[in-house]
Amino acid sequence: MKFGICLPIRRDTSLEFNVELGIRAESFGFDSIWASDHVAVPNGQVGRFTQHFYDPFVLLSAIAAKTSKIKIGTSLIILPYRNPVVVANMVSSLDVLSKGRVIFGVATGWLKEEFDILGVPFKKRGKRTNEYIEVIKELWENDSPEYQGEYFQFSDFKFDPKPYQKPHLPIWVGGNSEYAMQRAVKYGEGWQPTWVTPDEMDKLTDQMNDFVDADFVYSVRNRVTISTEKDKSLPDCYFNGTVDDIVKIIKDYERAGVSNILFDPETKSDDETFNLIELLSKEVIKEFSREGSHL
């Protein structure tokens, strides 16, 4: 089992804190650190999310420069928001900078108001996402890339730098829908849903196993809180309760085929976040073997 930490998205934090969280996560033995993606948070969503988001590529570049081993991932880039040729260059540059530590998590997005602010069509975002993945792979894998699609057509040019990882860095597809699962099978090296219980995940991985190879990664991202007793008012998918409660939940996911757990800290201060990841490292991660990783 591998473990990652998500950078906070529900409270305002400084750039320095996020970089320090990456440094500490590496020192505590976490396998990965993850940045989320919002460009413009509508007023109606403030409170559910922080009102400002650092650009995930810039933020992960800063973390990569201060670390040497920890994987750096996006959870998840809303692919239709940006030109895929530009995204391909940003991600491959980050992979070169980090010497092959990037995991590229992508999704279609769901917040229509943000699409409207950015001037990006909300309809057919799934179709755009599929084409954009194809565009990015073409740019990463071929010395003379060519593509003829509905939204992008190009040929007769060079694209560099290529990713450090060959033939390309891993793409994990996010989302809980059947379309997301199909997208992950067709285009990805992994699938990363959220808000899915171990029992639900067991049924879903069983559906997908016949269509993926042995190296395909199942990853789950859910919020985490540690307390003296389990809060029964929280959803069953939360990593919630005592250390023993959380270990049991993770083992249930492990039995469902999950090999990567992403903890999304539910905290009220920087110090509380640092204390939480240290406790997770010392009391939770130690219970699991690191052998047999897909990362």
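Values computed for the structure shown
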read-out	value
Hits in region 16-53 - residues which are more than 28 Å from residue 216 (Cβ to Cβ) and modelled with pLDDT of 95 or more	16, 17, 18, 19, 20, 21, 23, 24, 27
Some residue of region 262-283 being closer than 16 Å to residue 193 by Cα, surrounded by 14 or more Cβ atoms within 10 Å (Cβ to Cβ) and of a type outside the set (A, V, I, L, M)	yes
Options 123, 99, 127: the member that is out of contact with any Pro (no Cβ under 9 Å at 6 or more places or on another chain), among the charged types (D, E, K, R) and in a helix (DSSP H, G or I)	127
Qualifying positions in region 62-112 - more than 21 Å from residue 6 (Cβ to Cβ), touching a residue at least 40 places away in the same chain (Cβ under 8 Å) and among the basic types (Lys, Arg)	99
Selection from region 71-84 of residues that are over 22 Å from residue 135 (Cβ atoms) and surrounded by fewer than 24 Cβ atoms within 10 Å (Cβ to Cβ)	71
Candidate set from region 42-59 (those that are without any contact (Cβ under 8 Å) to a residue 40 or more places away in the chain and of a type in the set (A, V, I, L, M)); member that is farthest from residue 102 (Cα to Cα)	46
Close pairs (6 angstrom Cβ cut-off, 6 or more residues apart or separate chains): touching a residue at least 12 places away in the same chain (Cβ under 8 Å) and closer than 13 Å to residue 205 by Cβ in region 237-261, in a helix (DSSP H, G or I) and among the basic types (Lys, Arg) anywhere	none
Candidate set from region 256-280 (those that are polar (S, T, N, Q) and outside any strand (DSSP E or B)); member that is nearest to the chain's Cα centre (by Cα)	259
Tally, over region 136-170, of residues that are in contact (Cβ under 8 Å) with a residue 12 or more places away in the chain, part of a loop (DSSP other than H, G, I, E, B) and under 23 Å from the mean Cα position of the chain (by Cα)	9
Check on residue 27, out of contact with any Gly (no Cβ under 7 Å at 6 or more places or on another chain), without any contact (Cβ under 8 Å) to a residue 24 or more places away in the chain and closer than 30 Å to residue 288 by Cα	yes
Residue in region 79-94 that is more than 19 Å from residue 175 (Cβ to Cβ) and charged (D, E, K, R) present	no
Selection status of residue 58, over 18 Å from residue 267 (Cβ atoms) and not in a loop (DSSP other than H, G, I, E, B)	yes
Pair list, Cβ under 7 Å, 6 or more apart: region 220-232 residue under 18 Å from residue 199 (Cα atoms), other residue of a type in the set (Gly, Ala, Ser) and part of a loop (DSSP other than H, G, I, E, B)	221/75
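Let's see how each residue does on (1) surrounded by 15 or more Cβ atoms within 10 Å (Cβ to Cβ); (2) aliphatic (A, V, I, L, M); (3) more than 19 Å from the chain's Cα centre (by Cα):
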residue: 101; (1), (2), (3): yes, no, no
residue: 104; (1), (2), (3): yes, no, no
residue: 107; (1), (2), (3): yes, yes, no
residue: 110; (1), (2), (3): no, no, no
residue: 113; (1), (2), (3): no, no, yes
residue: 116; (1), (2), (3): no, no, yes
residue: 119; (1), (2), (3): no, no, yes
residue: 122; (1), (2), (3): yes, no, yes
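The values are calculated or read from the model by the stated rules, or taken from the named source; none is laboratory data. Here the structure is a predicted model, which is why all the values come from computation and not from measurement. Every residue, glycine among them, receives a Cβ derived from its backbone with ideal geometry; neighbour counts consider all protein chains shown.
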